[in-house]
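Report on one structure; see the data block that follows.
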Amino acid sequence: MKNCFIQIILFSILCVFVSCKSKEVKCQFTAKPIVRTVGKIDIVVDPKVEMMMILGRLDKVHPYADFGVNNYGYLNKIDDYFSTYKNKDKIFYNNDMAYQRLPEFGMYLKDDMSDFIMQIDNENFVTTDGPALNNSYYNTNKYIELVKDFRIKTDFDKFFIENKFVYEKLIGIFEPLLAELKVDFWIEDFYGTTIENNIKLYVTLLSGNYGIPFKTANGIENIHVVILANEKRDDSIFVYLLAHEFSHPKTIKIAENLYKNEKIKTKFDNLFYANTQFYTMNGYSSGFYVLNETINQSCANKFWEDLLPKEDVEYLNKITVENQKMIYVPQIAEFLDNYQNNRDKYKTLEDFIPELEEFILMLE
């Protein structure tokens with residue numbers, strides 16, 4: 001009887017052990033990032049980042065729920081595969097995670113989704129909305145657990161692996177173009193800073209395009225960019241997007257510095273209020289973001305000028321002013337010639353901020 005009792009106990013322990021092991025196996029995710037490297041750029045389709053965008057679509061978060069450019073085949077696959085996904089209490093239940101916040105969240109997750117890649121109180125852990133410590137999506141384990149649970153229950157990795165050929169095709173569109181354009185070398189030359197870690201270019205068929213300020217745990221800048229790709233190559237669109245989005249992590253510091261000037265702040269706040277409905281519709285929530293887009297686009301123009309015919313640059317400037325309401329871009333872009341022609345004096349674009357500040361104050 002005693003031996004029988006011991007056997008029952010041992011069997012119970014074994015069952016618990018097997019159960020735990022089974023749960024561990026479920027968390028050994030099989031989908032791996034697909035990466036191709038061109039120069040100092042890693043072109044990536046990462047399962048964590050792609051999953052966050054898919055969650056945005058399923059949770060009906062704008063703009064992921066309704067976005068797609070010639071990508072309906074892939075969108076249909078998403079809707080079919082995750083058709084049984086019923087989430088009455090949505091993970092991302094409002095627009096607080098719209099735009100770049102969704103892919104950013106995926107970028108910060110560890111591969112096993114047990115935590116983020118750096119401690120929450122690390123001063124370098126800065127999200128689009130400021131320090132992660134102050135952001136409800138980051139300072140609690142709630143959202144990590146919900147996303148991890150979604151990945152396990154829907155067998156997301158199976159979906160990702162089944163569509164590997166789609167992702168490889170996207171990467172194949174970018175590889176020759178990046179090799180030809182050498183935008184990574186332009187970034188280093190124009191901004192006067194060295195790329196310490198390879199630029200991460202995440203390509204997707206879901207919503208984009210974002211240039212995300214990103215640092216490693218020890219504070220080294222690590223440019224992360226998301227670009228919405230068409231399944232058909234379109235060089236003119238990519239030239240526009242590459243220069244614009246790759247510049248964002250560089251220009252945000254310049255915009256922050258300029259916005260400290262009360263007169264510049266007032267100028268762009270007034271511009272925002274004069275076009276509030278238009279700007280908010282396009283994701284700009286204050287005069288600062290209008291200033292940031294203006295500086296960023298002005299810098300991106302310098303990349304275009306070396307590649308595109310003059311009439312194309314003029315046409316793009318017209319669109320920028322009339323359709324996007326970035327009215328100062330052409331003048332600032334032209335003024336940046338003074339920076340480029342005097343690189344012995346200005347080693348980096350940040351060195352040129354005082355002159356840029358004076359010029360912006362003179363703009364009408």
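The values are calculated or read from the model by the stated rules, or taken from the named source; none is laboratory data. Note that the coordinates shown come from a computational prediction; the quantities given were computed from them, not determined experimentally. Counting neighbours? That spans all protein chains shown, and the Cβs are built from the backbone with ideal geometry, glycine included. The accessibility values were calculated without ligands, DNA or RNA, using every heavy atom of the protein model including side chains. Shrake-Rupley method; radii C 1.70, N 1.55, O 1.52, S 1.80 Å.
Some values worked out for this structure:
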quantity	calculated
Residue-count net charge about residue 41 - beta-carbon cut-off 13 Å; Lys, Arg +1, Asp, Glu -1	-2
Selected from 198, 236, 261, residue furthest toward positive end of dipole (the chain; charges at beta carbon)	198
Segment 277-335: relative contact order in percent, alpha carbon pairs under 8 Å with at least 6 residues between	36
Peptides 283-290, 122-129 ordered by average Cβ neighbours within 10 Å, highest first	283-290, 122-129
Percent accessible area from carbon and sulfur atoms, segment 139-191, protein chains only, probe 1.4 Å	51
Total formal charge among the other residues, if their Cβ is under 13 angstrom from that of residue 139, Lys/Arg +1 and Asp/Glu -1	-2
Dipole magnitude of the chain, debye to nearest 20 (Cβ charges: Lys/Arg +1, Asp/Glu -1, about Cα centre)	1700
Cut-off 11 Å between beta-carbons: net charge of the residues surrounding residue 317, Lys and Arg +1, Asp and Glu -1	-4
For segment 126-262, share of DSSP beta bridges that run antiparallel, in % to the nearest 5	55
Ranking by accessible area, most exposed first, for 85, 328 with a 1.4 Å probe	85, 328
Relative contact order of segment 222-334, pairs being alpha-carbon contacts under 8 Å that are 6 or more residues apart, as %	26
Segment 144-212 - charge dipole about Cα centre, Lys and Arg +1 at Cβ, Asp and Glu -1, debye rounded to 20	300
Accessible area per residue in Å² at 1.4 Å probe, computed on segment 223-284	46
Peptide ranges 316-322, 240-246 listed from the most packed, as the mean C-beta count within 10 angstrom indicates	240-246, 316-322
DSSP-defined antiparallel bridges as percent of all bridges, the chain, nearest 5	55
For the chain, calculated [θ]222 nm from helices alone, where every DSSP H run of n ≥ 4 adds -39500 (n - 2.57)	-17000 deg cm²/dmol
